[in-house]
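The values are calculated or read from the model by the stated rules, or taken from the named source; none is laboratory data. The model shown is predicted, which means the values in this text are computed figures rather than measured ones. Here the Cβ is made from the backbone with ideal geometry for all residues, glycine too, and neighbour counts use every protein chain on show.
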Amino acid sequence: MNILKIDKIEKYYGNKSSLTKAIDNISFSVDKGEFVAIMGASGSGKTTLLNSISTIDKVTSGHIYVEGEDITKLKGNELNAFRRDKLGFIFQDFNLLDTLTAYENIALSLSIKNVNYKEIDERIKKVAEELSIKHVLKKYPYQMSGGERQRVAAARAIITNPSIILADEPTGALDSKSSKMLLEKFNYLNQELDATILMVTHDAFTASYASRVIFIKDGKIFNEIIRGNDTRKAFFDKIIDVVTLLGGDLNDAL
Amino acid sequence: MLFKLSLKNIRKSFKDYAIYFFTLILGVAIFYVFNAIESQTVLLNVTATTRDIITLMTNMLSGVSVFVSLILGFLIIYASRFLIKRRNKEFGIYLTLGMSKRKISTILFIETLFIGIISLFVGLFIGAILSQVMSLLVANMFEADMTKFTFIFSKSACIKTLLYFSIMYLIVMIFNVINISRCKLIDLINHSKKTEKVKLKNPILCIMIFIIAIIMLVYAYYKVTIDVESLSTPDKIFIPIILGCISTLLIFWSLSGLILKIVKSIKGLYYRGLNSFILKQISSKINTTVVSMTIICLMLFVTICVLSSSLSIKNSMSANLEELAPVDIALTKTRNITAEKAQEYGYNTAYIEDSFLPIADSLSKLDFDVSKYLKDMVTVHYYVDEALTVEKTLGSYYEETKKTLPFLTYNMPEEIVTVSEYNEVAKLYGNETFTLDEDEYIIIADYDSMIEVRNEALKRNTPITLLGKTYYPKYSECQNGLIAISSNHINAGIIIVPDSAVDDSLLERESLIANYKASDDTGRKNIEEVVINLANHPYISSTNLEASTKLSIYESSVGLGAMVTFIGLYLGIIFLISSAAILALKELSESTDNIDRYKMLRKLGVEERMLNKALFMQIFIFFIFPLILAIIHSIFGIEFCKFILETFGDEEMTKSITMTAIFLVVIYGGYFLITYYSSKNIIRNR
């Protein structure tokens, strides 16, 4: 079953005299339990694509369906409700509230859905165990390492049982060790809890953890490769091949 | 180029400047209004006495204006510093582009100039309109009739406002230049990247401090209300004041920790909606602004007390006068000056001779025709026995009183009046009359503090001795009444004795009480003129005759009341504006941090309604905390003011408190709303 279906979306910036096509007729779909990575150089349109899916930005034409519902038709508070109930976010710069502890940050995404405290507490304990962040629950963001912060953000995203988790360069601000640990947790969420993850990255190593990688260049889908039964190492080499094919830009990111 | 940049900056950030503009315009308008009172009242139809009082009042107001301009100056400097802080990044960009600090200062200079000119212009315009309302108020206060309405623009007040505010703006410009020349590029650019470190206070320490603060506060409250009699000397009042200030500070210090602790312990409440977020926002803000919260709370407290007391003084003064000055004139003279006294004070023979004449005779020597001008005449003789002092009439209670009220003059001889003469006065005033047995006495008084002391002595059945005979109190408490007319309750006690108890050897003073022989106000005013003109008569130097008239008492007390009211209003409003503006600026200065936080909440899918509610609660609580504490302080503060102003009466307190509440709601509430809408604007996603 399709969790996410993207149907011929386009996004234009600027006016008639100077038109920029950030997204130029993209269509693809994501099944339940998939872990999809979207790769592309700076300016390829991958962040615009993510913003459109997350309803932060509006598409110029085309439709986006999440669990069969056309989200390009949503307005005002429906958008907020959609984000609250269907989406989980993970950002490059963590986006945790600096005035709240890790526990309170995670609790917030449930309390705005009016979940009662008993259930909040149970679910936080469970998710903290799964993501190995039990020891930082009482700490404030500034007292944690980058990796811990990003795992707290992941816990906040997963705890509401969203239809899809959107991750925007989740390893962008992490060192390689923390990156690896976070990605292993993503795999765990994907395989053990059947979470659907859509991740934007320009890093081949990060992308190699996904089950499918979509390459974007100049607002169009350039290529798509599926991991299948390959080892992660073999998949990584395949990705590198495509990146080389893609040309100069992405090489900097290696 | 720089000029254009400045102009664009102002237009672009007009919303950020809203509070600043609002405060400046309000400040200019109020400054103008209170300085224009003199010109506004020129056309009012008032007597010479009232005119004198108005002149005195305007002089005092212009003195107060210096103080007010100091407060406003500090406020403006504070506000402009806040605005510069907000624009650190912008200045950082200018500097990296290679603009010199000198040029940035020029930009700021032009901006300040522009804002200054616009605010002065708008403020003066609003002030000119408001001052028309003010002249109605003045006319009402001085009970003058506004025969015709004319629009008056006070040139002198306008020039004064321009001068004072130009100086203030000049100082602001100098401060800005100093600020800019001091700052470093790296700080300007990194300004927004600072992440906040949450400083948590130990909750147990908070609870302890809070309890200590409450105990201190209760003690201070107790001291100024129930135990107020013990504040016998002025310096003792400092203890409760200092205690009050310290406890206010401690309460704000411990408050956020305390509330956080309490709400956190109720998990169901803390983890509902955005409660945890709101609470943390508030507590971090209160934590970082303890001192300013304290100052604002105390300023609000002073404002409430000043406004409600000063308004009630005027109200109750007018109300009391009918009771306190029931007749048109009371003439008094000291009688039978002895040779020794004459020598002591250096009186001449004519003066001594005159003192042996009754008042009526002195009046005829002044060519004042008693039968032509006066009616309802009553003569009262005051007797004094040097041996019968306040100390003696207090009897056994004296020793105790002396401890609690050491500043009373106990060796002053009591004034004594015979019962038949007092009854004549009482009949004329419409007061109660009395009958006395041969060994009885009564004390007549209307000054509450003295009544309390005397009542205790009367309860103990304290006897007094007069010319070898002993008298006992007829009642166990003082009776309400007065003889001399005045603007306040100042009759500290007159002893009424049987007619036979005194003789001429004790005669001290004589008083003639009467109404003017006239049927209307004009007639009374004419006779008043005649009385005032007696001061120019050649014989006046040979007599100690003194007159107090209802009209003069009325005018001077109405004038005094009005004066206090105007100064109270002036200071109160300025204090109110200052504290509200500081709060508003504090709140807005954090809006940049809030942008990111609210953006994040929006991404999490929080509904707009919930976000707005969170913002509202956050600002509301920040505004209401100092106000609540200030109101609690004021309940006791006003109680204390009542005690101090006892002689003025407090009958009209509700009315003035209502007025104060209206001022509070309009000004403080106005600032709150502006802050809320500006913040909402800032956090709106764009």
Q: Output the residues belonging to region A:199-221 that are of a type in the set (Phe, Trp, Tyr) and touching a residue at least 40 places away in the same chain (Cβ under 8 Å).
A: A:Tyr209, A:Phe215
**Q.** Options B:Arg609, B:Arg602: the member that is of a type in the set (D, E, K, R), touching a residue at least 24 places away in the same chain (Cβ under 8 Å) and either within 14 Å of chain A (Cβ to nearest Cβ) or assigned to a helix (DSSP H, G or I) (or both)
**A.** B:Arg602
Q | Unique match (being over 30 Å from A:Phe82 (Cα atoms) and under 16 Å from the mean Cα position of the chain (by Cα)) among B:Ile621, B:Ile635, B:Ile628, B:Ile674 | A | B:Ile635
Q | Conditions (1) away from chain A (no Cβ under 14 Å); (2) within 35 Å of the chain's Cα centre (by Cα); number of the one not met by B:Ile262 | A | (2)
Q: Answer yes or no: is there a residue in region B:121-139 that is of a type outside the set (A, V, I, L, M, F, W, C) and without any contact (Cβ under 8 Å) to a residue 12 or more places away in the chain.
A: no
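Conditions (1) hydroxyl-bearing (Ser, Thr, Tyr); (2) assigned by TED's automatic domain parsing to the domain that holds B:Val122; (3) crowded, with 17+ Cβ neighbours inside 10 Å, marked per residue:
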residue	(1), (2), (3)
B:Met1	no, yes, no
B:Ile19	no, yes, yes
B:Thr49	yes, yes, no
B:Asn59	no, yes, no
B:Leu72	no, yes, yes
B:Lys89	no, yes, no
Q. How about region B:565-599: which of its residues are away from chain A (no Cβ under 14 Å) and farther than 16 Å from B:Thr675 by Cα?
A. B:Thr565, B:Phe566, B:Ile567, B:Gly568, B:Leu569, B:Tyr570, B:Leu571, B:Gly572, B:Ile573, B:Ile574, B:Phe575
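Using the structure shown, decide if A:Asp93 is closer than 30 Å to B:Ile266 by Cα and among the charged types (D, E, K, R).
So A:Asp93 fails the test.
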Q | Flag if A:Ala173 is buried (at least 16 other Cβ atoms within 10 Å of the Cβ), within 14 Å of another protein chain (Cβ to nearest Cβ) and assigned to a helix (DSSP H, G or I) | A | no
Q) Picking from B:Thr289, B:Thr248, B:Thr294, B:Thr303, which residue would you name as being crowded, with 19+ Cβ neighbours inside 10 Å and in contact with a His (Cβ under 8 Å, 6 or more places away or on another chain)? A) B:Thr248
(Q) Taking the condition of being more than 9 Å from chain B (Cβ to nearest Cβ) and assigned to a helix (DSSP H, G or I), how many residues in region A:75-95 meet it? (A) 1
Q) Can you find a residue in region A:144-155 that is within 13 Å of another protein chain (Cβ to nearest Cβ) and of a type in the set (Ser, Thr, Tyr)? A) no
Q. Hey, among A:Ser211, A:Ser163, which residue is under 27 Å from A:Phe82 (Cα atoms), at pLDDT 90 or above and of a type in the set (Gly, Ala, Ser)?
A. A:Ser211
Q: Mind checking which helices (runs of 4 or more DSSP H) fall wholly inside region B:343-405 and carry at least 1 residues that are closer than 27 Å to B:Leu534 by Cα and among the hydroxyl-bearing types (Ser, Thr, Tyr)?
A: B:349-355, B:359-365, B:370-373
Q: Could you tell me whether any residue of region A:96-117 is assigned to a helix (DSSP H, G or I), facing chain B (nearest Cβ under 8 Å), closer than 18 Å to B:Asn612 by Cβ and touching a Phe, Trp or Tyr at 6+ places or on another chain (Cβ under 6 Å)?
A: yes
Q | Matching entry among B:Ile527, B:Ile513 (being aliphatic (A, V, I, L, M), out of contact with any Ser or Thr (no Cβ under 6 Å at 6 or more places or on another chain), crowded, with 17+ Cβ neighbours inside 10 Å and part of a helix (DSSP H, G or I)) | A | B:Ile527
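Within 30 Å of A:Ser29 (Cα to Cα), surrounded by 17 or more Cβ atoms within 10 Å (Cβ to Cβ) and β-branched (Val, Ile, Thr): is that true of A:Ile159 in this structure?
So A:Ile159 passes the test.
For every residue, the table says whether it meets (1) small (Gly, Ala, Ser); (2) crowded, with 18+ Cβ neighbours inside 10 Å; (3) in contact with an Asp or Glu (Cβ under 9 Å, 6 or more places away or on another chain).
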position: B:Gly395; (1), (2), (3): yes, no, no
position: B:Lys402; (1), (2), (3): no, no, yes
position: B:Tyr447; (1), (2), (3): no, yes, yes
position: B:Arg460; (1), (2), (3): no, no, no
position: B:Tyr471; (1), (2), (3): no, yes, yes
